[in-house]
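One structure below.
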Amino acid sequence: MDVIVVEPRPLSVAEHALVRRLLDFAIDGADAPAHAAQLAGLRVVELCACGCPSVLFDTRRPTPGEWRTMVADAYGVTPEGFAVGLLLWAVGGRLEYLETYTLRHWPPYRLPGPETVSLEYASDEPAS
């Protein structure tokens with residue numbers, strides 16, 4: 001993934017709300033409180049270069065032999081009406097990456113609102 005390095009900044013209101021909502025869908029619910037406790041201290045340090053709203057946090061990257069852990073896997077709908085996939089990743093127990101993806105639309109698009117997040121894919125295919 002190509003990234004754009006940015007001056008470290010706190011999460012935006014939208015990023016914070018979305019990560020918090022994704023923790024409601026944490027794959028290992030037992031880790032959700034520890035991950036939620038990290039939210040206030042997270043800083044965005046890289047943006048995805050493709051124009052999507054994916055962001056990387058100021059967490060160390062995986063070292064050889066270490067893996068990212070998927071914290072949450074859900075879906076949402078952007079303000080533009082695009083159905084997107086949402087993945088939240090951690091390394092060594094620290095939140096590392098909020099990833100967004102879509103199969104039907106090219107960036108740019110905005111983050112989905114937390115109220116649209118679910119485990120069910122909401123198709124944005126046109127009605128026939």
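The values are calculated or read from the model by the stated rules, or taken from the named source; none is laboratory data. Keep in mind that this is a model prediction, so the values were computed, not measured. We place every Cβ from the backbone using ideal geometry, glycine too, and count neighbours over all the protein chains shown.
Give me the residue from region 60-79 that is surrounded by 14 or more Cβ atoms within 10 Å (Cβ to Cβ) and of a type in the set (Val, Ile, Thr) and, out of that set, nearest to the chain's Cα centre (by Cα). Only one residue tops the list, namely 71. Out of the residues in region 85-117 meeting the condition of being exposed (fewer than 14 other Cβ atoms within 10 Å of the Cβ) and outside any loop (DSSP other than H, G, I, E, B), tell me which one is modelled with the lowest pLDDT. Across region 85-117, the extreme among qualifying residues is 101. Can you confirm whether region 41-55 contains a residue that is part of a helix (DSSP H, G or I) and either small (Gly, Ala, Ser) or modelled with pLDDT of 95 or more (or both)? Scanning region 41-55 turns up at least one residue that is part of a helix (DSSP H, G or I) and either small (Gly, Ala, Ser) or modelled with pLDDT of 95 or more (or both). Restricting region 10-22 to residues that are assigned to a helix (DSSP H, G or I) and small (Gly, Ala, Ser), the residue that is surrounded by the most Cβ atoms within 10 Å (Cβ to Cβ) is 17. For the residues 44, 5, 19, the requirement of being closer than 27 Å to residue 118 by Cβ, among the β-branched types (Val, Ile, Thr) and out of contact with any Pro (no Cβ under 8 Å at 6 or more places or on another chain) singles out 19.
The selection criterion, being within 16 Å of the chain's Cα centre (by Cα) and in contact (Cβ under 8 Å) with a residue 12 or more places away in the chain, holds for residue 108.
Screening 82, 57, 25 for residues that are more than 26 Å from residue 123 (Cα to Cα), in contact (Cβ under 8 Å) with a residue 12 or more places away in the chain, surrounded by 13 or more Cβ atoms within 10 Å (Cβ to Cβ) and aromatic (Phe, Trp, Tyr) leaves exactly one candidate, 57.
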